[in-house]
Every structure is written in C-alpha cells, then in structure tokens.
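**Q** The structure's right below; bear with me while I get my questions together.
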Amino acid sequence: MSRVDVRADLGRISAPTLVMAPTGDRLVLPESSHRLAAGIPGAQLFELPGAVHILNEADRATWLGHVRAFLGALPAARV
C-alpha cells in the first residue's frame, strides 16, 4: 500500500467525505489523514484526540457519533 499514490485522483472525488484521524495512530499518521482531507474537495476532517488505530469502546462511541452527525447532515437522496 505504501507504493500506491492516489494524490492526483483525490480532487476528482465528489462524494461527501468524512476523514477520521485518531491522533495517537502510529500506523496511519494523523498528518496522512490531514493530507487526505485537504486533497478531497469539501471533505470534513475529525480528529479523535489520543485515539489509536484500534479504537477502544469510548473512542468507538465518539467516532460513531460523528459519523451519524455527518450522515444526518447530508441531503436526502432522491430515488
């Protein structure tokens, strides 16, 4: 995965995007999440202070709350 470079494609993403960045993650560094969010038009970034790559119960609850809020703020899809 470290050899796959998708930075040039990020600007073409048009779907609503939420990027989550656990600040204690040592596998996917927070700086990587910041660059990812910056490269996607309109992306929202949420940091989970002190959280690590594998979220504990409290961090999962916080994460889920932000995902629900993000999804709840999206316009309803027309079918």
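**Q** Just read off the accessible area of T62 with the full protein assembly in place, 1.4 Å probe, to the nearest 10 Å².
**A** About 60 Å², rounded to the nearest 10.
**Q** Same structure again: What does the helix-only formula give at 222 nm for the chain: each DSSP H stretch with n ≥ 4 adding -39500 (n - 2.57), the total divided by the residues, and the result rounded to the nearest 500 deg cm²/dmol?
**A** -10500 deg cm²/dmol
**Q** Suppose each label sits 7 Å from its Cα in the direction of the beta carbon; what would the A76-V4 distance come out to in nanometres?
**A** A separation of 3.6 nm, rounded to one decimal place.
**Q** With every protein chain kept in the model, how would you rank L18, L64 by accessible area, 1.4 Å probe, largest at the top?
**A** Sorted by accessible area, descending: L64, L18.
**Q** Okay, moving on. What distance in nm lies between label points placed 7 Å from Cα along the C-beta direction at A69 and A43?
**A** Rounded to a tenth, the inter-label distance reads 2.0 nm.
**Q** Next question, about the same structure. As a test of understanding, state the convex hull volume per residue of region 37-79 from its alpha carbons, in Å³.
**A** Working: hull volume 4.9 nm³, N = 43.
Hull volume over Cα atoms, normalised by residue count, gives 115 Å³.
**Q** Using only the alpha-carbon atoms of the chain, report the extent along each of the three principal axes, biggest first, to the nearest angstrom.
**A** For the chain, the Cα extents along the three principal axes come out at 38, 32, 17 Å.
**Q** Plugging the Kirkwood radius over Cα pairs into Stokes-Einstein for region 1-47, at a temperature of 10 °C and a viscosity of 1.306 mPa s, what D comes out in µm²/s?
**A** Values: Rh = 11.1 Å.
Result for D is 142 µm²/s.
**Q** Another question, if that's okay. Can you give the accessible area of E31 in Å² (nearest 10), computed on protein heavy atoms with a 1.4 Å probe?
**A** Approximately 100 Å² of E31 is accessible to the 1.4 Å probe.
**Q** FRET efficiency for A58 and R35, Cβ-Cβ distance as r, R0 = 25 Å, nearest 0.05? Write down the numbers at each step before the final one.
**A** Values: r = 27 Å, r/R0 = 1.08.
According to the calculation, E is roughly 0.40.
**Q** In addition: Give the accessible surface of the chain per residue, rounded to a whole number of Å², with probe radius 1.4 Å and ligands, DNA and RNA excluded. Intermediate values should be presented prior to the final figure.
**A** Working: 6020 Å² over 79 residues.
Per-residue value: 76 Å².
**Q** Moving on. Leaving out ligands, DNA and RNA, and with a 1.4 Å probe, what % of the accessible surface on region 1-47 is carbon or sulfur? Please report the intermediate quantities before stating the final value.
**A** Details: 1890 of 3410 Å².
Carbon and sulfur together cover 55 percent of it.
The values are calculated or read from the model by the stated rules, or taken from the named source; none is laboratory data. As the structure is a computational prediction, the values presented were derived from the model and not from experiment. Cβ: placed from backbone, ideal geometry, glycine included. Neighbour counts: every protein chain shown. With ligands, DNA and RNA removed, areas are computed over all heavy atoms of the protein, side chains included. Shrake-Rupley method; radii C 1.70, N 1.55, O 1.52, S 1.80 Å.
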